[in-house]
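The values are calculated or read from the model by the stated rules, or taken from the named source; none is laboratory data. None of the values given here were measured: they were computed from a predicted structure. All Cβ positions, even for glycine, are placed from backbone atoms using ideal geometry, and neighbour counts span all protein chains on display. Quick note on the areas: whole protein, heavy atoms, side chains included, nothing else; ligands and nucleic acids left out. Shrake-Rupley method; radii C 1.70, N 1.55, O 1.52, S 1.80 Å.
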Amino acid sequence: MDPAKRASVGALSEVRDDVRSETHLEEQVKDWLRYGEDLGLAPYYRDRAPLHAIESATASSEICAAVPAAMAAAAPGRASDAPTNVAPSPSASQKPATTSTILPATAPSLFEAIERIAGDTLPRIREDIGDCTRCKLHKGRTKIVFGTGNPNADLMFVGEGPGRDEDLSGEPFVGRAGRLLTDMIKAMGLQREDVYIANVVKCRPPENRLPEKDEITTCSPFLMRQIDAIKPKVICTLGSCSAQTLLQTAQGISKLRGEWFDFRGTKLMPTYHPAYLLRNPAAKPEVWKDLQKVMAVLGLQPKKR
Ligand code: SF4
């Protein structure tokens, strides 16, 4: 065979191999997706996507495109695949005042299957924590800051961890940031006693640093149990740590805030931490917009001045 003909036959054979390999890969992906569905994992991934992404995808019959994106969004440490990148966010003027169109869960999530404890109560969770030494934060703490408020609250706030004042008093959000949170709650037409307030970690990180990954991993199951016991209608996370922990994402709070998420069947609204607002008062209107969305869902009227 002449060299030119041999080269073209070789090239044709390579193309054929590529096509075969692509077909094989496609079959593998389809098998993998079927396997995931058989295990009931699809909702686990889907319920961590921004609701607007799923809703718009459903409306436009593009759910197949949205689910892999949501699955990617669920993977921690991949900022480029972060949740709000799943679909373009509507502009502020296009966003609905309420998000009653929450995607219903079709099966229990992976977390639901693993972590829910039937008949769990706040006293039992506190008892289980005991005089905890499970992570290194116990070394510097004065008091465990378990959480406070209405055990049947419709609204639960979740911060990152106790500061100095909280460590001394044993109560969450009692310092300057806490007073601002109390003002925010009152502006929503509620009292502090009406809501429940807790943190991702129950002991103060040294020098008020952010909780570290191993500390969050060790302590956050207690928060999950608190949420399950209280069964709030809405969770409002304060700052990046709590949003990232509950949503299992590395996405920053400035991208997450103001969007509704589904956390195991409960609506979750991330917003800025009050301590951030003390440093950046210009961000207060953004937080107020987020809280107004929460109020609309809970049917709350702003406090009359
Ligand atoms: S932060 Fe949580 S896990 Fe760590 S010692 Fe305190 S209560 Fe225990």
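Looking only at the range 266-305, residues that are of a type in the set (Phe, Trp, Tyr) and open to solvent by 40 Å² or more (accessible area, probe 1.4 Å) come to 2 in all. The condition (being modelled with pLDDT of 95 or more and closer than 26 Å to ASN150 by Cβ) is satisfied by just one residue among GLY252, GLY239: GLY239. Among the residues making up the range 125-139, those that are touching a residue at least 60 places away in the same chain (Cβ under 8 Å) and either more than 10 Å from the ligand (Cβ to nearest atom) or among the acidic types (Asp, Glu) (or both) are ILE125, ASP128. Among the residues making up the range 223-235, those that are among the hydrophobic types (A, V, I, L, M, F, W, C) and touching a helix residue (DSSP H, G or I) at 6+ places or on another chain (Cβ under 6 Å) are MET224, ALA229, VAL234.
This table checks each residue for (1) open to solvent by 20 Å² or more (accessible area, probe 1.4 Å); (2) more than 9 Å from the ligand (Cβ to nearest atom); (3) over 18 Å from THR266 (Cα atoms); (4) hydrophobic (A, V, I, L, M, F, W, C).
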{"residue": "LYS186", "(1), (2), (3), (4)": "yes, yes, yes, no"}
{"residue": "PRO206", "(1), (2), (3), (4)": "yes, yes, yes, no"}
{"residue": "GLU215", "(1), (2), (3), (4)": "no, no, yes, no"}
{"residue": "SER220", "(1), (2), (3), (4)": "no, no, no, no"}
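Do we find that ALA198 is closer than 21 Å to ARG257 by Cβ and either part of a loop (DSSP other than H, G, I, E, B) or more than 13 Å from the ligand (Cβ to nearest atom) (or both) in this structure? No, not satisfied. Looking across the range 226-238, not a single residue is open to solvent by 30 Å² or more (accessible area, probe 1.4 Å) and within 16 Å of the ligand (Cβ to nearest atom).
Being crowded, with 19+ Cβ neighbours inside 10 Å, touching a residue at least 12 places away in the same chain (Cβ under 8 Å) and within 16 Å of the ligand (Cβ to nearest atom) is true of VAL158. When the range 115-124 is filtered for residues that are part of a loop (DSSP other than H, G, I, E, B) and either surrounded by 14 or more Cβ atoms within 10 Å (Cβ to Cβ) or touching a residue at least 40 places away in the same chain (Cβ under 8 Å) (or both), the ones remaining, listed by number, are ARG116, ILE117, ASP120, THR121. As a summary of the residue check, THR237 satisfies the conditions (1) over 20 Å from ARG134 (Cα atoms); (2) out of contact with any Leu (no Cβ under 8 Å at 6 or more places or on another chain) except for the one numbered (2).
Report whether or not ILE144 is open to solvent by less than 20 Å² (accessible area, probe 1.4 Å), within 14 Å of the ligand (Cβ to nearest atom) and over 22 Å from PRO270 (Cα atoms). Spelling it out, it is not the case that ILE144 is open to solvent by less than 20 Å² (accessible area, probe 1.4 Å), within 14 Å of the ligand (Cβ to nearest atom) and over 22 Å from PRO270 (Cα atoms). Being β-branched (Val, Ile, Thr) and over 23 Å from the mean Cα position of the chain (by Cα) is a description that does not apply to VAL158.
For the range 161-174, filtered to residues that are closer than 15 Å to VAL200 by Cα, assigned to a loop (DSSP other than H, G, I, E, B) and open to solvent by 10 Å² or more (accessible area, probe 1.4 Å), the residue that is farthest from the ligand (Cβ to nearest atom) is PHE173. Of the helices (runs of 4 or more DSSP H) that lie entirely inside the range 212-305, those containing 1 or more residues that are over 13 Å from the mean Cα position of the chain (by Cα) and touching a residue at least 24 places away in the same chain (Cβ under 8 Å) span 213-230, 274-279, 284-298.
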